[in-house]
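Visitor: Below you will find the structure I want to go over with you.
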Amino acid sequence: MQLGASIAVGDIGAGPAVMRDYAQAAEGLGFDYLVAPDHVIGVDPAKIAPGQRGSNATAYHDPFVLFAFLAGVTKKIGFAAGVLILAQRQAALVAKQAASLDALSEGRFRLGVGVGWHEIEFQGLGMDFHTRGKRSAEQVRFMQALWAKPGISFKGEFHELADGGINPRPKSGKVPVWFGGHAEATLKRVAKYGDGFMPNRWPPGDEVLKTFDRLHGMIKEAGRKPEDVGLEVWVSPGKGTPDDWRKEVAFWKKAGCSHVLAHTTFTSAIHERIKGKTYDDHLKAITKYREAVKDLL
């Protein structure tokens with residue numbers, strides 16, 4: 001099982017030195033991969049409604065730009081978008097960017113994708129918010145076709161290409177696509193053509209085990225093998241004790257998870273961000289977490 005760490009750009013700063021240092025430190029600690037989120041546009045914080053998320057007060061690097069930079073200053077650590085809001089972007093352009101990053105990182109990149117929730121981003125990028133689910137599903141098939149062959153013809157509801165292709169393409173013929181989300185439609189997409197599933201909604205327990213079992217059944221129905229589809233869950237170094245972390249990681253490993261992400265800023269009903277916001281706070285948090293669970297991986 002691989003252990004990843006989030007990159008808290010909004011806390012530690014967006015400059016090249018701090019990004020380089022954090023990535024190299026995580027690699028030196030033995031982390032397998034780094035995850036960064038994707039938000040292109042945010043709301044003016046002075047105008048945001050009480051309880052509303054998505055202000056532009058927090059910095060977000062474009063994942064392709066960030067990981068291309070980090071690929072040049074690291075040697076083996078992997079990278080994953082967690083998650084790229086695919087439907088607000090042009091599919092052919094994402095396919096090109098992902099293929100270029102695959103080449104520059106020598107296969108160290110996973111493309112996590114999601115449908116998004118913030119309508120203002122779609123508005124600013126000129127994309128339809130209301131068709132984002134089914135458009136995203138077609139985008140993945142279009143990108144996978146572009147990665148697989150030098151030239152393709154494709155005709156779908158939203159995309160059409162007559163005998164065209166991209167170069168470079170991934171040496172393996174694919175960039176791994178992992179789906180975030182929790183809807184039934186997401187499970188269907190994972191089962192049909194996903195390389196992995198990235199849920200962050202469920203704590204350890206029977207509900208998530210039932211969901212994983214159902215997903216495995218859907219993968220088999222699609223003519224694929226469950227072991228070929230990865231599972232990534234998020235855990236919180238800011239919550240609980242080292243003993244709690246060990247119990248949680250042991251549960252996820254037994255549940256068949258291939259990846260565990262130690263996320264230092266994500267907050268939800270079951271996740272807590274760490275208390276501090278400095279570079280040292282985040283580095284200490286992931287160092288302590290990995291030390292506690294490393295023998296369980």
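Visitor: Can you find even one residue in the range 191-204 that is outside any helix (DSSP H, G or I), crowded, with 16+ Cβ neighbours inside 10 Å and of a type in the set (A, V, I, L, M)?
Guide: The answer is yes, given that some residue of the range 191-204 is outside any helix (DSSP H, G or I), crowded, with 16+ Cβ neighbours inside 10 Å and of a type in the set (A, V, I, L, M).
Visitor: Within the range 179-186, can one find any residue that is touching a residue at least 60 places away in the same chain (Cβ under 8 Å) and in a loop (DSSP other than H, G, I, E, B)?
Guide: yes
Visitor: Let me ask something else about it. I'd like to verify a number: residues in the range 22-52 that are under 22 Å from the mean Cα position of the chain (by Cα) and surrounded by 15 or more Cβ atoms within 10 Å (Cβ to Cβ), how many?
Guide: Filtering the range 22-52 for residues under 22 Å from the mean Cα position of the chain (by Cα) gives 22-42.
Going one step further and asking which of them are surrounded by 15 or more Cβ atoms within 10 Å (Cβ to Cβ), we end up with 22-27, 29, 31-42.
Number of matching residues: 19.
Visitor: In this structure, does D32 turn out to be in contact with a helix residue (DSSP H, G or I) (Cβ under 7 Å, 6 or more places away or on another chain), in contact (Cβ under 8 Å) with a residue 40 or more places away in the chain and among the acidic types (D, E)? Let's see the steps before the verdict.
Guide: Values: in contact with a helix residue (DSSP H, G or I) (Cβ under 7 Å, 6 or more places away or on another chain): no; in contact (Cβ under 8 Å) with a residue 40 or more places away in the chain: yes; among the acidic types (D, E): yes.
Considered against the rule, which asks whether it is in contact with a helix residue (DSSP H, G or I) (Cβ under 7 Å, 6 or more places away or on another chain), in contact (Cβ under 8 Å) with a residue 40 or more places away in the chain and among the acidic types (D, E), D32 comes out as no.
Per-residue answers, yes or no, for (1) within 18 Å of R189 (Cβ to Cβ); (2) modelled with pLDDT of 95 or more; (3) assigned to a strand (DSSP E or B); (4) of a type in the set (K, R):
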| site | (1), (2), (3), (4) |
| --- | --- |
| A68 | no, yes, no, no |
| K75 | no, yes, no, yes |
| A92 | no, yes, no, no |
| Q123 | no, yes, no, no |
| F129 | no, yes, no, no |
| Q139 | yes, yes, no, no |
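Visitor: Could I ask something else about it? Give the number of residues within the range 12-59 that are more than 29 Å from D295 (Cα to Cα), in contact with a Gly (Cβ under 8 Å, 6 or more places away or on another chain) and among the aliphatic types (A, V, I, L, M).
Guide: Total meeting the criteria: 6.
Visitor: Here is a follow-up. What number of residues in the range 209-219 are surrounded by 14 or more Cβ atoms within 10 Å (Cβ to Cβ) and either under 24 Å from V140 (Cβ atoms) or in contact with a Leu (Cβ under 8 Å, 6 or more places away or on another chain) (or both)? Walk me through how you get there before you give the answer.
Guide: Narrowing the range 209-219 to residues surrounded by 14 or more Cβ atoms within 10 Å (Cβ to Cβ): 209, 211-212, 215-216, 218-219.
From what is left, the residues that are either under 24 Å from V140 (Cβ atoms) or in contact with a Leu (Cβ under 8 Å, 6 or more places away or on another chain) (or both) are 211-212, 215-216, 218-219.
Final tally of qualifying residues: 6.
Visitor: Does L101 count as assigned to a helix (DSSP H, G or I) and free of Cβ contacts under 8 Å to residues at least 12 places away in the same chain? Steps first, answer last, please.
Guide: Values: assigned to a helix (DSSP H, G or I): yes; free of Cβ contacts under 8 Å to residues at least 12 places away in the same chain: no.
When the stated conditions are applied, L101 does not pass them.
The values are calculated or read from the model by the stated rules, or taken from the named source; none is laboratory data. These numbers come from a predicted model, not from an experiment. FYI the Cβ positions are ideal-geometry reconstructions off the backbone, even for glycines, and counts take in every protein chain you see.
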